[in-house]
1. Consider A:Gln97 against the criteria (1) at pLDDT 75 or above; (2) touching a His at 6+ places or on another chain (Cβ under 9 Å); (3) more than 14 Å from chain B (Cβ to nearest Cβ): it satisfies all of them except one. Which criterion is unmet?
2. Suppose we filter region A:53-72 for residues that are crowded, with 17+ Cβ neighbours inside 10 Å and at pLDDT 80 or above; how many remain?
3. Here's a check for you: in region B:119-176, which residue that is of a type in the set (Val, Ile, Thr) and touching a residue at least 60 places away in the same chain (Cβ under 8 Å) is farthest from B:Trp204 (Cα to Cα)?
4. Consider B:Asp213 carefully, then state whether it is more than 9 Å from chain A (Cβ to nearest Cβ), touching a residue at least 24 places away in the same chain (Cβ under 8 Å) and more than 33 Å from the chain's Cα centre (by Cα).
5. Could you tell me which numbered condition B:Phe105 fails, if it satisfies all but one of (1) crowded, with 21+ Cβ neighbours inside 10 Å; (2) under 23 Å from B:Leu80 (Cβ atoms); (3) modelled with pLDDT of 95 or more?
6. Given the residues B:Leu201, B:Leu190, B:Leu175, which is the only one that is of a type in the set (A, V, I, L, M) and either closer than 19 Å to B:Leu55 by Cβ or out of contact with any helix residue (DSSP H, G or I) (no Cβ under 7 Å at 6 or more places or on another chain) (or both)?
7. Go through region B:159-185 and give me each residue that's aromatic (Phe, Trp, Tyr) and surrounded by fewer than 23 Cβ atoms within 10 Å (Cβ to Cβ).
8. List the helices (runs of 4 or more DSSP H) inside region B:53-136, counting only whole elements, that have at least 2 residues being within 13 Å of the chain's Cα centre (by Cα).
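The values are calculated or read from the model by the stated rules, or taken from the named source; none is laboratory data. Quick caveat, the model's predicted, so the values are computed rather than measured. In this analysis, Cβ positions are derived from the backbone assuming ideal geometry, glycine residues included, and neighbour counts consider all displayed protein chains.
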Amino acid sequence: MNKRLTGVFTAAVLLITQALFVPMAHAAMVGTDTLVASEQRAAMEQKVLALLEHKAAAKVLAENGVSPEQVKDRLDRLSDQELTQLAEQADELPAGQGVIGVILAIILILVLLDLLGATNVFPAIHPIN
Amino acid sequence: MPFRGLIAGLVLLLAGCQTLPPPQSARQPANQQLDVPFIAQEKYQCGPAALGMMLQWNGLPGDAEALVDEVWLPERKGSLGIELMAAGRARGLLAYPVNRPEALFSELQAGHPVLILQNLALKRWPQWHFAVVTGYGDGGGRLILHSGTREATTSHWNRFIRTWARADYWGMVLLPAGELPASVRPGPLLHALAPQKKDALRHWRTAASRFPDDGKLHFAYANALWQAERKADALAAFEKTVTLSPSLAPAWNNLAYARLDQGNTEAAREAVCRAHMLAPDDTNIKGSVAEITDGAGCP
């Protein structure tokens, strides 16, 4: 009985704190650093989207039944950190279209799709809701 | 047969050693030597020493011993470039990146010493080192550096450029408010100044007057005026921003608040609705619309 009460109490506390911390639709001046941060994010998204231009991309997407538009639409699900990591790795792909370059590109695209919840090739990667 | 592979490998290796000559711009003038105070580094502490020299050149206290706590990481036995930049910013200086040989020579020609990172060993087995470039000779054929325990030491261009390239051409100048790097461009300037706290308003004013047509720098300048409670000036600067960059939604958003503050409700609504039209998915702007139109929304 006691245990149950504690449970109810904890649940109530959780509910109340959640209600308190629901982000208010905040209206305010936009700071310069916010503008710069969103610019940087847009640049990262461009780099990640460039992956889809890779010659291996069309096949990987088709095999997994995902369209490039779906990837674009879901890109804002990625956290800044994930986006940065992907963008850096995409940046470091060998410039040529050699075998290793293609394999690395395929892996990166699959990681991207997993992160977006479109596929589940790598069970260790949990999609972002 | 295996010889052929070996030879091909050697040719590739040699090709890897070839470096580009110094840029043409280093020939005019062919020599340049700046007067920069020298601090000899202790142990592995080239970061604090190099930073100290840059600060002293700016007329600020730059005791390397005192800087060790601020920018030296004992477990790495080194400093991080971003921390050196942050330390400069905290003292009200603009920390601006110098990432190309042409920019390096432009800065030296303008009288600005450049703090650079070198990798003195191999890509896979790096030995990082910070030094201050204080001049050059022979049309860029040799560089003059305050490096480690050596004052005004000379490095040949070939060796210098390889060690700098292995550090991804990391470099920076530190300049007081009112001055700008010779190699300055509006985009990197916006990013360099965005984290600036101390003396921010003076820096932004300089930036906006150097690039009178750049909307984003004017936006930042207007924000700095607003933060300094100079609201009428901020209003004028936001008005100018939207004429320069009519598609910059955040500028219309902020203009709305600046107009509202001056009692111009109708014009504030027009501005915030323009922002909403430009960026319909922006949650901040949606909130602004609700607040400024008293929940009425945009037509």
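1. Only one criterion in (1) at pLDDT 75 or above; (2) touching a His at 6+ places or on another chain (Cβ under 9 Å); (3) more than 14 Å from chain B (Cβ to nearest Cβ) is unmet by A:Gln97, namely (1).
2. Residues in region A:53-72 being crowded, with 17+ Cβ neighbours inside 10 Å and at pLDDT 80 or above: 5 in total.
3. Among them, the one singled out is B:Thr149.
4. no
5. (2)
6. After ruling out the rest, the residue left standing is B:Leu175.
7. Hits for region B:159-185 are B:Tyr169, B:Trp170.
8. Helices (runs of 4 or more DSSP H) meeting the threshold: B:81-90, B:101-109.
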